[in-house]
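Engineer: Below: one structure in structure tokens.
The values are calculated or read from the model by the stated rules, or taken from the named source; none is laboratory data. Just so you know, these numbers come straight off a predicted model, no measurement behind them. Here the Cβ is made from the backbone with ideal geometry for all residues, glycine too, and neighbour counts use every protein chain on show.
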Amino acid sequence: MMTLPSASQTHRLVARSIVGLIAASLLVACEAKAPAGAASASSSPATAAANPKIRALLDKTLKNLRFIEGGSFQMGDFGPLDAPDKLPYNGRADNKVLHKVTLDSFSMSAYKTTYEDHDVYSETVGKPLVGTDELTKKYRYPTAAAGLLWQQARDYCQWLGQRLDLPMDLPTEAQWEYAARNRGAFFLFATDNGKVDAGRNVWEYSQRKDFVHTLTQEGFNPPSLPLGRFPPTPLGLYDMMTDGFEWTRDWYDPNYYTVSPEKNPQGPVSGSEKVLRSWRSSDGEGISYGDGQTTARSHRQPDPPKLDAQLKPVPNRNMVADTGARCVVNRPAPIGDTR
């Protein structure tokens with residue numbers, strides 16, 4: 001006797017078919033749009049349409065988008081509302097004051113951009129591959145988070161958006177925190193349960209060391225190892241507090257939270273540094289908790305000079321391997337929903 005599929009199985013099959021049809025139709029429709037800054041014949045519509053690497057990247061991008069339903073939350077150090085002693089969770093001044101933010105719905109990539117992903121973009125538009133200089137190439141392997149300057153990260157997200165005909169960009173700082181905190185819940189760490197269990201939901205120092213040794217036979221501890229090794233957050237996002245900092249769209253201002261608008265804040269209109277989020281830095285004991293808190297802010301020049309005034313290497317430039325990104329789609333409905 002034939003067994004009919006259940007309703008949930010039927011819904012999953014239909015959803016998969018819709019995603020496949022969307023990817024195919026978007027590819028045909030969008031390959032006619034040459035990306036801004038295209039610099040070689042490999043980026044021509046005809047070549048791109050026949051390029052299996054581009055098709056695979058676009059399919060992967062759609063598959064890995066996670067819909068984040070909008071809402072309101074208290075952005076910033078929520079220790080005064082959540083900690084047993086009602087004190088802030090860290091001593092930083094730039095994540096104060098706690099303030100209400102309301103966001104529209106959006107979709108976010110489940111994974112950071114990898115070197116493998118970014119190479120497809122670079123080869124298509126005729127740009128040099130990132131991470132090939134003497135200082136960073138030892139960190140470079142396909143499934144690690146790509147070390148990117150801010151403009152490199154944003155150009156990549158916008159290029160994907162042009163190909164897919166979707167409003168893609170880097171996340172705003174508010175979008176990043178809202179997603180990392182499971183839609184603004186009191187999640188101090190962006191893990192599967194809001195807590196740190198080294199070795200189960202984040203890298204333990206010995207794991208990193210052993211894994212690197214199997215890959216490279218070298219003793220360094222790189223910013224990123226292959227992604228997706230641990231459980232995602234409840235929203236399906238991987239490696240939100242490990243494997244490198246993540247660029248946001250916002251300019252950095254230590255006092256911005258005192259003047260931030262409630263609705264969809266975009267950050268200051270100008271500045272000299274961009275906001276970076278997360279990264280749990282490791283040391284000999286395993287974890288440095290402060291760096292990985294979902295409310296902690298970091299900042300760095302979007303394109304730091306290679307040399308300082310004394311012609312010495314700039315440390316932040318040398319560590320570009322630890323700055324990467326994931327993309328968002330600024331559309332208030334799930335991808336594929338035509339309502």
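Engineer: What are the residue pairs meeting all of these: first residue in region 171-184, first residue without any contact (Cβ under 8 Å) to a residue 60 or more places away in the chain, second residue β-branched (Val, Ile, Thr) and crowded, with 24+ Cβ neighbours inside 10 Å, Cβ atoms under 8 Å, and 6 or more apart or on different chains?
Structural biologist: Every condition considered, the pairs that remain are 182/233.
Engineer: Same structure, new question: Of the conditions (1) assigned to a loop (DSSP other than H, G, I, E, B); (2) of a type in the set (Lys, Arg); (3) under 23 Å from residue 260 (Cβ atoms), residue 112 fails just one. Which one is it?
Structural biologist: Of the numbered conditions (1) assigned to a loop (DSSP other than H, G, I, E, B); (2) of a type in the set (Lys, Arg); (3) under 23 Å from residue 260 (Cβ atoms), the odd one out for residue 112 is (3).
Engineer: If you don't mind, another one. Please enumerate the residues belonging to region 110-135 that are buried (at least 20 other Cβ atoms within 10 Å of the Cβ) and of a type in the set (Lys, Arg).
Structural biologist: 112
Engineer: Okay, next question. Just the residues that are within 17 Å of residue 254 (Cβ to Cβ) and either modelled with pLDDT under 95 or not hydrophobic (A, V, I, L, M, F, W, C) (or both), please, taken from region 63-92.
Structural biologist: Here is the first cut: in region 63-92, the ones within 17 Å of residue 254 (Cβ to Cβ) are 75-77, 88, 90-92.
Correct list: 76, 77, 88, 90, 91, 92.
Engineer: In region 223-242, how many are modelled with pLDDT under 90 and either at positive phi or not in a loop (DSSP other than H, G, I, E, B) (or both)?
Structural biologist: Number satisfying all stated conditions: 0.
Engineer: I need the full set of residues from region 92-109 which are closer than 21 Å to residue 237 by Cα and surrounded by fewer than 20 Cβ atoms within 10 Å (Cβ to Cβ), in order please.
Structural biologist: 102, 104, 105
Engineer: On to the next question. Select from region 164-183 the residues that are surrounded by fewer than 24 Cβ atoms within 10 Å (Cβ to Cβ) and farther than 26 Å from residue 272 by Cβ and list them in ascending order.
Structural biologist: Listed by number, the residues that qualify are 164, 165, 166, 167, 182, 183.
Engineer: Pairs under 8 Å by beta carbon, first residue surrounded by 23 or more Cβ atoms within 10 Å (Cβ to Cβ) in region 147-158, partner in a helix (DSSP H, G or I) and charged (D, E, K, R), six or more apart or different chains?
Structural biologist: 147/322; 156/117
Engineer: In this structure, does residue 119 turn out to be assigned to a loop (DSSP other than H, G, I, E, B), over 17 Å from residue 266 (Cβ atoms) and without any contact (Cβ under 8 Å) to a residue 40 or more places away in the chain?
Structural biologist: Working: assigned to a loop (DSSP other than H, G, I, E, B): no; over 17 Å from residue 266 (Cβ atoms): yes; without any contact (Cβ under 8 Å) to a residue 40 or more places away in the chain: yes.
In short, no.
Engineer: May I pose another question? Can you find, within region 233-268, the residue that is surrounded by the fewest Cβ atoms within 10 Å (Cβ to Cβ) among those that are β-branched (Val, Ile, Thr) and within 17 Å of the chain's Cα centre (by Cα)? Step through it out loud before you land on a result.
Structural biologist: Pass one, region 233-268, residues β-branched (Val, Ile, Thr): 233, 242, 248, 258-259.
Those still in the list that are within 17 Å of the chain's Cα centre (by Cα) too: 233, 242, 248.
Values: 233: 25, 242: 27, 248: 27.
Here the answer is 233.
Engineer: Tell me which residues, restricted to region 195-222, are surrounded by 17 or more Cβ atoms within 10 Å (Cβ to Cβ), at pLDDT 80 or above and in a loop (DSSP other than H, G, I, E, B).
Structural biologist: 196, 201, 203
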